[in-house]
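The values are calculated or read from the model by the stated rules, or taken from the named source; none is laboratory data. Keep in mind that this is a model prediction, so the values were computed, not measured. Note: ideal-geometry Cβ built from the backbone for every residue, glycine included; neighbour counts use all protein chains shown. Please note that ligands, DNA and RNA were not included when accessible areas were found on the heavy atoms of the full protein model with its side chains. Shrake-Rupley method; radii C 1.70, N 1.55, O 1.52, S 1.80 Å.
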Amino acid sequence: MRAVVYEDIHKVRVDDVADPRILDPHDAIIRVTTAAICGSDLHFYNGKAPMSPGDGIGHEGVGVVEAVGPEVERFRTGDRVVMAFDIACGHCWFCLHGQTSLCEDFRNLGAGPFGGGLGGTQAELCRVPFADTNLLAIPQGMDDERAVFVGDILTTGYYGAAIAGIQPRDTVAVIGAGPVGFFAVQAAMLHGAKEVLALDFEADRLAVAEKLGAVPVNVGERNAQMAVCQRTEGRGADVVIEAVGHPSAYESAVEIVRRGGTISVVGMYVSEQVTIPLGIYWTRMLDIRFAGLCPIHAWWDKAMAAVSAGKIDPLPIISHRMSLDDAPKGYELFDARQATKVVLKP
Ligand SMILES: NC(=O)c1ccc[n+]([C@@H]2O[C@H](COP(=O)([O-])OP(=O)(O)OC[C@H]3O[C@@H](n4cnc5c(N)ncnc54)[C@H](O)[C@@H]3O)[C@@H](O)[C@H]2O)c1
Ligand SMILES: [Zn+2]
Ligand SMILES: [Zn+2]
């Protein structure tokens, strides 16, 4: 089959590789019909996370079930499904308590040795372990492009808003108007926010957020704290969703949240550090919720229902539709921020 494979830093290629096979009775093989390039793929592309030449890449994808192992109960050949970016076992203590991203046997699709050596979704075929847990049926009539992000960034944005405890009269500030911020903005509205502010310094990304109904704040031009205070009678945002994953954004979240407010930290951290003045946090009664990796499986039913009902619209984020063979160009554009989201059609 054809698959996107890692070659070297800033180099992926589309290659002929062996078809994946059922290796465990709980596996399914998916014939991918649409995959997408995610910001997390760029960690490998840019050499920040390890990958070996020839490793399959990609963890966002939808397709049709091609084959299932004998123990798979919920899916059969021909079903249209979305794949979860994080692969969980479905039966350990954490999985049974809805914290599937803390699974004892946690893995990631298309993430090299780091993710347990599984193949990627940017391929004609993809093997999904524990298929009953890691696949979600696509509702009848829903197209691929609406369904594909439910396995990752859409549900992540939904989760980031859901854990923030948004109340109907809240002003919510979303820091970062990238793909995750795009879905966090829509989810914050869905959770009843009175007003949603989108903060970024990329004008075109802010324009997309504004189309969704958010108030854009270009932090390259305006002081974030002043802009947020101006819209909240000087208090600050009731809820801040940090959708960047950089200490500057985390510190900005602490600055723009009101006393007694909540911060939901969805942006990903690895080894970054910040200084936490405990007395200030304590006095200001800050409620900080670290999202960790999204436990997709606990939230994707709700996220899919929101897409079905038209309450979350994924389509405005897609800037490029390309064939799988053009993936190297897609990576280049996405890495250069010339594409907001690239989908690939094998
Ligand atoms: N928790 C999870 O499960 C999960 C899942 C997917 C992605 N993520 C993480 O979410 C984060 C966002 O993902 P993405 O794909 O949208 O990334 P992205 O890099 O495409 O978007 C981030 C945006 O933040 C903006 N930005 C950077 N610093 C800023 C600052 N100080 N203030 C305001 N805006 C700032 C950038 O201009 C960019 O538009 C990343 O850290 C990613 O790894 C987490
Ligand atoms: Zn991702
Ligand atoms: Zn588990």
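Here is how the numbers come out for the structure above:
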{"quantity": "Some residue of region 190-200 being within 13 Å of ligand 1 (Cβ to nearest atom), open to solvent by 30 Å² or more (accessible area, probe 1.4 Å) and among the small types (Gly, Ala, Ser)", "calculated": "no"}
{"quantity": "Flag for Val244 being closer than 20 Å to Ile317 by Cβ, in contact (Cβ under 8 Å) with a residue 40 or more places away in the chain, outside the structural domain of Lys48 (by TED's automatic domain parsing) and surrounded by 12 or more Cβ atoms within 10 Å (Cβ to Cβ)", "calculated": "yes"}
{"quantity": "Matching strands (runs of 3 or more DSSP E) fully within region 190-266 where at least 1 residues are among the β-branched types (Val, Ile, Thr) and more than 20 Å from Gly157 (Cβ to Cβ)", "calculated": "none"}
{"quantity": "Residues of region 25-59 satisfying the condition of being open to solvent by 60 Å² or more (accessible area, probe 1.4 Å) and charged (D, E, K, R)", "calculated": "Arg31, Lys48"}
{"quantity": "Among residues of region 20-47, those that are within 16 Å of ligand 2 (Cβ to nearest atom) and either assigned to a strand (DSSP E or B) or out of contact with any His (no Cβ under 8 Å at 6 or more places or on another chain) (or both), counted", "calculated": "9"}
{"quantity": "Options Ala336, Ala303; residue that is exposed (fewer than 15 other Cβ atoms within 10 Å of the Cβ), assigned by TED's automatic domain parsing to the domain that holds Arg107 and among the aliphatic types (A, V, I, L, M)", "calculated": "Ala336"}
{"quantity": "Hits in region 246-286 - residues which are of a type in the set (Ser, Thr, Tyr) and within 16 Å of ligand 2 (Cβ to nearest atom)", "calculated": "Tyr269"}
{"quantity": "Matching residues in region 268-280 - criterion: being surrounded by 13 or more Cβ atoms within 10 Å (Cβ to Cβ) and in contact with a helix residue (DSSP H, G or I) (Cβ under 6 Å, 6 or more places away or on another chain)", "calculated": "none"}
{"quantity": "Criterion (touching an Asp or Glu at 6+ places or on another chain (Cβ under 8 Å) and more than 16 Å from ligand 2 (Cβ to nearest atom)) met by exactly one of Asp170, Asp143, Asp152", "calculated": "Asp170"}
{"quantity": "Residue in region 251-258 that is outside the structural domain of Asp86 (by TED's automatic domain parsing) and surrounded by fewer than 19 Cβ atoms within 10 Å (Cβ to Cβ) present", "calculated": "yes"}
{"quantity": "Unique match (being assigned by TED's automatic domain parsing to the domain that holds Ser264, closer than 14 Å to Ile241 by Cα and within 16 Å of ligand 1 (Cβ to nearest atom)) among Pro216, Pro179", "calculated": "Pro179"}
{"quantity": "Residue count, region 98-123 (criterion: open to solvent by 60 Å² or more (accessible area, probe 1.4 Å) and farther than 23 Å from Glu71 by Cβ)", "calculated": "4"}
{"quantity": "Filter result for Val180 (in contact with a Phe, Trp or Tyr (Cβ under 7 Å, 6 or more places away or on another chain), in contact (Cβ under 8 Å) with a residue 60 or more places away in the chain, more than 15 Å from ligand 3 (Cβ to nearest atom) and open to solvent by 20 Å² or more (accessible area, probe 1.4 Å))", "calculated": "no"}
